[in-house]
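Trainee: Below is a structure I'd like to ask you about.
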Amino acid sequence: MAPPTLPNTAPIPSPPPSSVKELTNSTSLGSVPPQYAIRNPETTMDIEPIIEEEIPTVDFSLLTEGTPEQRSQVVRHLGKACEEWGCFMVVNHGIPERLMEAMLISLKEFFDQTEEEKGEYTGKHVMDPIRCGTSFNLTVEDVRYWRDYLKVFVHPIFYSPAKPPRFRETSKEYAESTRAMGMELLRGIWESLGLEEDDMTKALDLHSCFQILVCNIYPPCPQPELAIGLPAHSDHGLLTILLQNGVSGLQVKRRGSWVRVEPLPNSFLVNTGDHMEIVSNGRYKSVLHRAEVNSQSTRLSIASVVAPSLDTIVEPASQLVSDEHPMMFRGMRYGEYVEHQQANRLKTKSAMDPVRLHAK
């Protein structure tokens, strides 16, 4: 008689972690898994100098409440920062510190949920109004980035995950506050370019502007020299208003070198996006930036992107096009541009290639 068949008692292998946070929570991680090792420690080809340099600072209160002379000075300073840096720190902005702290707490509470709870918002399409995921776009990437994210559309229609309980109320107030600040900064930037505010509001349909909160978590990494939070890239909007939790990691590129961003207390970092470069006909460039990781602390950041309406066809302002400065970009519907950028690999400013005009 044949021996009885014994049931297969071999353990069923568990699926690989679906997020960096799950990966770092589930094991005593001693090394970076191969799918996250974006750098080769044996070579120095991709090592670029990192320098310490002071990023321009804009006093927001003088822009909104200063004398005409003070405002003019801030406008000139804004224009110089956009032209020479593509970013600046904003202080005295009037957004309550308790709101900034509450937003970071709510974000931490969101990422502290179980993978099943967060999985409810795993996006199926890059234009889903609430989308939670890891890296940037796993469908096109060979190597993952050491970053999990939550992306939420907050204007012209406001969306929010249902949990954690305070997230909706906090993110709504935060989105409204940063959008108002962004609009004031845009007024100053238009002025620095010699453009009329009403013309730009109409041309970009800013009353129905697109605003998205991009919330990031970069957990501690056992080998930060091998991994990266996000590679060098530019943002798609007009302005990105960034809040950080005090853990450094952001670097911006200026004149061929990476500059480490050390945020001032109670400040925001604001950087120019691709559509500022397009609207200004190349006068103000979108800034390249990247996120590094560390082995000790979790870094949180919240990027509030203020942009044209998704249905607007964006092209250079006619006042900035001339024989001396021919048109550098063709018009494209903003929503189409965002979808193109989000659906492809995150690589420097390659998203701008379809709209570039190579005029001699």
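The values are calculated or read from the model by the stated rules, or taken from the named source; none is laboratory data. Remember, it's a predicted structure, so these values are computed and weren't measured experimentally. FYI the Cβ positions are ideal-geometry reconstructions off the backbone, even for glycines, and counts take in every protein chain you see. These area figures cover heavy atoms from the full protein model, side chains too; ligands, DNA and RNA do not enter into them. Shrake-Rupley method; radii C 1.70, N 1.55, O 1.52, S 1.80 Å.
Trainee: For the structure I just gave you, tell me whether His155 is open to solvent by 10 Å² or more (accessible area, probe 1.4 Å) and closer than 30 Å to Arg255 by Cα.
Mentor: When the stated conditions are applied, His155 does not pass them.
Trainee: Oh, and also: Quick check on my filter: what residues within the stretch 103-132 are surrounded by 20 or more Cβ atoms within 10 Å (Cβ to Cβ) and small (Gly, Ala, Ser)?
Mentor: Across the stretch 103-132, the qualifying residue is only Ser106.
Rundown of residues vs (1) modelled with pLDDT of 95 or more; (2) among the polar types (S, T, N, Q); (3) surrounded by fewer than 18 Cβ atoms within 10 Å (Cβ to Cβ), yes/no style:
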residue: Ser297; (1), (2), (3): no, yes, yes
residue: Thr312; (1), (2), (3): yes, yes, no
residue: His325; (1), (2), (3): no, no, yes
residue: Arg333; (1), (2), (3): yes, no, yes
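Trainee: Residue check, Ser301 against (1) modelled with pLDDT of 95 or more; (2) open to solvent by 20 Å² or more (accessible area, probe 1.4 Å); (3) among the polar types (S, T, N, Q), all met but one. Which one?
Mentor: It is condition (2) that Ser301 fails.
Trainee: Looking at Glu191, Glu173, which one is assigned to a helix (DSSP H, G or I), surrounded by 19 or more Cβ atoms within 10 Å (Cβ to Cβ), touching a helix residue (DSSP H, G or I) at 6+ places or on another chain (Cβ under 9 Å) and among the acidic types (Asp, Glu)?
Mentor: Answer to the selection: Glu191.
Trainee: Now, a different point. For the stretch 130-156, give me each residue that is among the charged types (D, E, K, R) and in contact (Cβ under 8 Å) with a residue 60 or more places away in the chain.
Mentor: Those that are among the charged types (D, E, K, R) and in contact (Cβ under 8 Å) with a residue 60 or more places away in the chain: Glu141, Arg144, Arg147, Asp148, Lys151.
Trainee: Same structure, new question: Within the group Tyr145, Tyr159, Tyr149, Tyr218, which residue is touching a Leu at 6+ places or on another chain (Cβ under 7 Å) and among the hydroxyl-bearing types (Ser, Thr, Tyr)?
Mentor: From the options Tyr145, Tyr159, Tyr149, Tyr218, the qualifying one is Tyr145.
Trainee: It is to be established whether one or more residues within the stretch 69-84 are touching a Cys at 6+ places or on another chain (Cβ under 8 Å) and of a type outside the set (D, E, K, R).
Mentor: Looking through the stretch 69-84, at least one residue is touching a Cys at 6+ places or on another chain (Cβ under 8 Å) and of a type outside the set (D, E, K, R).
Trainee: Tell me the residue from Met89, Met127, Met103 that is in contact (Cβ under 8 Å) with a residue 40 or more places away in the chain and in a strand (DSSP E or B), please.
Mentor: Just one listed residue meets the conditions, Met89.
Trainee: Starting from residues that are out of contact with any strand residue (DSSP E or B) (no Cβ under 8 Å at 6 or more places or on another chain) and among the hydrophobic types (A, V, I, L, M, F, W, C), keep the ones in the stretch 307-326 and report whichever is farthest from Gln211 (Cα to Cα).
Mentor: Val321
Trainee: Which condition from (1) more than 23 Å from Thr178 (Cβ to Cβ); (2) in contact (Cβ under 8 Å) with a residue 40 or more places away in the chain; (3) hydroxyl-bearing (Ser, Thr, Tyr) is the one that Ser318 breaks?
Mentor: If we test Ser318 against (1) more than 23 Å from Thr178 (Cβ to Cβ); (2) in contact (Cβ under 8 Å) with a residue 40 or more places away in the chain; (3) hydroxyl-bearing (Ser, Thr, Tyr), just (2) comes out false.
Trainee: Which condition breaks for Gly331 when tested against (1) among the small types (Gly, Ala, Ser); (2) over 30 Å from Asp112 (Cβ atoms); (3) in contact (Cβ under 8 Å) with a residue 60 or more places away in the chain; (4) out of contact with any Ser or Thr (no Cβ under 8 Å at 6 or more places or on another chain)?
Mentor: The one condition Gly331 does not meet is (3).
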